[in-house]
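**Student:** One structure, as structure tokens, below. Some questions next.
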Amino acid sequence: MLVDSYNRTVDYLRVSVTERCNFRCQYCMPEKPFSWVPKENILSFEELFAFIKIAIDEGVKKIRITGGEPLLREDLDKFVKMIFDYEPSIDLAMTSNAYLLKGTAQKLKDAGLKRINVSIDTLKPEVALKIAQKDVLDNVLEGVEEALRVGLKVKVNMVPMKGLNDGEILDVMEYCRERDMTIRFIEYMENVHANVDIKGMKSDELLDIIGGEYGYKDEGFDGHSPSHYYKTDDGYRFGIIEPYEDDFCKTCNRIRLSAEGQLIPCLYFDEAMSIKEPIQRGDLKGAALVLKEVVRTKPEKNRWSEDDGEASSRAFYETGG
Ligand code: SAM
Ligand code: SF4
């Protein structure tokens, strides 16, 4: 079992398989980065899998594949199957912008993927074009329908932003409710890579809008989920991810692996250790020591609220969000 210095059990590994993306979301990667990590620096699926086996043996029970856009990586279903075959009981999930999901959902499901979180920030094509800087909405919505059709459990992430999609909070919520999908509103997190004009919305503003339409009650946190859950009086459950809140980090159980092999104890901080060298040398004991050291040095909490609006230098497309 992996336990950090604050007595939190770490059993959730997020694996970013690429930093590349086919969208240019205003809050994440508004411009193509000056240079991408060269392909030869990215760990192969076999190398990532060699580390994942160690992590599972040490007690990891949940793995989320993310990116950049994970579906840009060819043969992702084969990677999913490698993990599933090693430990079928693993809670195996993915986060995707859903653009390429229509053609891949069935293969991913067959390979052992259980759940998927998709990003839907708007239901208006012209707003999607503004946010992702590409005409994406039809493909995204078709991808979501296909994921539901093949039996994947789908959750939706929405980043509410003033002047962009703040008028669609209830519409996107309704779209999710009609399809029995939980929606989680993610408070925009400041970062130096985002468009400086983005103004996010905080949970009290979101709850004001939702409260104008529905009665709701606070259900608090659910296990290790970063999401604060609420339930409308007619029974629909929705979440808000509030990283600026004081108690956000109390139940954190996650670490992150980048496509280059950086093992990252906290999304907020720049600190990380590489598992690339030991894995490429076949030194599994060395990689396990790096894993234990990263868990040991996991910070108690992020500093989003203390920074008073100053941006973190972490790119979400590198760490997988
Ligand atoms: N490309 C996939 C997607 O968009 O779902 C997976 C990677 S993306 C980095 C993972 C999550 O991070 C998405 O739900 C996205 O909305 C969220 N995200 C990215 N930048 C963010 C920011 N500045 N603030 C809050 N959430 C952010
Ligand atoms: Fe790409 Fe996801 Fe970042 Fe949007 S949020 S640019 S889809 S990685």
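The values are calculated or read from the model by the stated rules, or taken from the named source; none is laboratory data. Everything numeric in this text was worked out from a predicted model, so none of it was measured. Backbone-built Cβ (ideal geometry, glycine too); neighbour counts: all protein chains shown. Surface accessibility is based on the protein's heavy atoms, side chains included, excluding ligands, DNA and RNA. Shrake-Rupley method; radii C 1.70, N 1.55, O 1.52, S 1.80 Å.
**Student:** Of the residues Leu92, Leu137, Leu152, which single one is free of Cβ contacts under 8 Å to residues at least 24 places away in the same chain, crowded, with 19+ Cβ neighbours inside 10 Å and in contact with a Lys or Arg (Cβ under 8 Å, 6 or more places away or on another chain)?
**Tutor:** Values: Leu92 fails: free of Cβ contacts under 8 Å to residues at least 24 places away in the same chain; Leu152 fails: free of Cβ contacts under 8 Å to residues at least 24 places away in the same chain.
Among Leu92, Leu137, Leu152, only Leu137 is free of Cβ contacts under 8 Å to residues at least 24 places away in the same chain, crowded, with 19+ Cβ neighbours inside 10 Å and in contact with a Lys or Arg (Cβ under 8 Å, 6 or more places away or on another chain).
**Student:** Can you confirm whether Cys21 is of a type outside the set (Phe, Trp, Tyr), in contact with an Asp or Glu (Cβ under 7 Å, 6 or more places away or on another chain) and within 14 Å of ligand 1 (Cβ to nearest atom)? It would help to see each step written out before you state the result.
**Tutor:** Values: of a type outside the set (Phe, Trp, Tyr): yes; in contact with an Asp or Glu (Cβ under 7 Å, 6 or more places away or on another chain): yes; within 14 Å of ligand 1 (Cβ to nearest atom): yes.
Yes: the conditions hold for Cys21.
**Student:** So, one more: Return the pairs, sorted by first residue and then second, in which the second residue is assigned to a helix (DSSP H, G or I), the first residue lies in the stretch 168-190 and is among the hydroxyl-bearing types (Ser, Thr, Tyr), the beta carbons are less than 8 Å apart, and the residues are 6+ apart or on different chains.
**Tutor:** Qualifying pairs under 8 Å: Thr182/Cys176.
**Student:** Report the residue count in the stretch 306-321 for those that are away from ligand 2 (no atom under 12 Å from the Cβ), at pLDDT 65 or above and surrounded by 14 or more Cβ atoms within 10 Å (Cβ to Cβ). Break it down into steps so the answer makes sense when it comes.
**Tutor:** Start the filter on the stretch 306-321 by keeping residues that are away from ligand 2 (no atom under 12 Å from the Cβ), which leaves 306-314.
From what is left, the residues that are at pLDDT 65 or above are 306, 313-314.
Now narrow it down to the ones that are surrounded by 14 or more Cβ atoms within 10 Å (Cβ to Cβ): 314.
The qualifying residues number 1.
**Student:** Now for a different question. Return the pairs, sorted by first residue and then second, in which the second residue is open to solvent by 30 Å² or more (accessible area, probe 1.4 Å) and part of a loop (DSSP other than H, G, I, E, B), the first residue lies in the stretch 233-256 and is farther than 20 Å from Arg64 by Cβ, the beta carbons are less than 6 Å apart, and the residues are 6+ apart or on different chains.
**Tutor:** From residues that are farther than 20 Å from Arg64 by Cβ, the pairs are Asp233/Gly215; Tyr244/Ser305.
**Student:** Counting just the residues of the stretch 213-231 that are outside any loop (DSSP other than H, G, I, E, B) and among the charged types (D, E, K, R), which one comes out most open to solvent (accessible area, probe 1.4 Å)? Write out each step before concluding.
**Tutor:** Kept after step one, since they are outside any loop (DSSP other than H, G, I, E, B), are these residues of the stretch 213-231: 216-221, 227-231.
Of the ones still in play, those that are also among the charged types (D, E, K, R) are 217-219, 231.
On the way: Lys217: 116, Asp218: 90, Glu219: 71, Lys231: 65 Å².
Ranking the qualifying residues of the stretch 213-231, first place goes to Lys217.
**Student:** On to the next question. Where residues in the stretch 26-47 are within 16 Å of ligand 1 (Cβ to nearest atom) and either under 19 Å from the mean Cα position of the chain (by Cα) or surrounded by 18 or more Cβ atoms within 10 Å (Cβ to Cβ) (or both), which of them is nearest to Lys107 (Cα to Cα)?
**Tutor:** Residue satisfying both the conditions and the ranking: Ile42.
**Student:** Could you tell me which numbered condition Gly235 fails, if it satisfies all but one of (1) in contact with a helix residue (DSSP H, G or I) (Cβ under 7 Å, 6 or more places away or on another chain); (2) open to solvent by 20 Å² or more (accessible area, probe 1.4 Å); (3) over 30 Å from Ile54 (Cβ atoms); (4) of a type outside the set (Phe, Trp, Tyr)?
**Tutor:** Among (1) in contact with a helix residue (DSSP H, G or I) (Cβ under 7 Å, 6 or more places away or on another chain); (2) open to solvent by 20 Å² or more (accessible area, probe 1.4 Å); (3) over 30 Å from Ile54 (Cβ atoms); (4) of a type outside the set (Phe, Trp, Tyr), Gly235 violates only (1).
**Student:** Given Lys162, Lys217, which one is basic (Lys, Arg), within 16 Å of ligand 1 (Cβ to nearest atom) and either touching a Ser or Thr at 6+ places or on another chain (Cβ under 8 Å) or farther than 20 Å from Pro125 by Cβ (or both)?
**Tutor:** Result: Lys162 is the single residue among Lys162, Lys217 that is basic (Lys, Arg), within 16 Å of ligand 1 (Cβ to nearest atom) and either touching a Ser or Thr at 6+ places or on another chain (Cβ under 8 Å) or farther than 20 Å from Pro125 by Cβ (or both).
**Student:** Right, another one. Among the residues of the stretch 185-199, is there at least one that is part of a helix (DSSP H, G or I), out of contact with any Ser or Thr (no Cβ under 7 Å at 6 or more places or on another chain) and open to solvent by 60 Å² or more (accessible area, probe 1.4 Å)?
**Tutor:** No - not one qualifying residue is present in the stretch 185-199.
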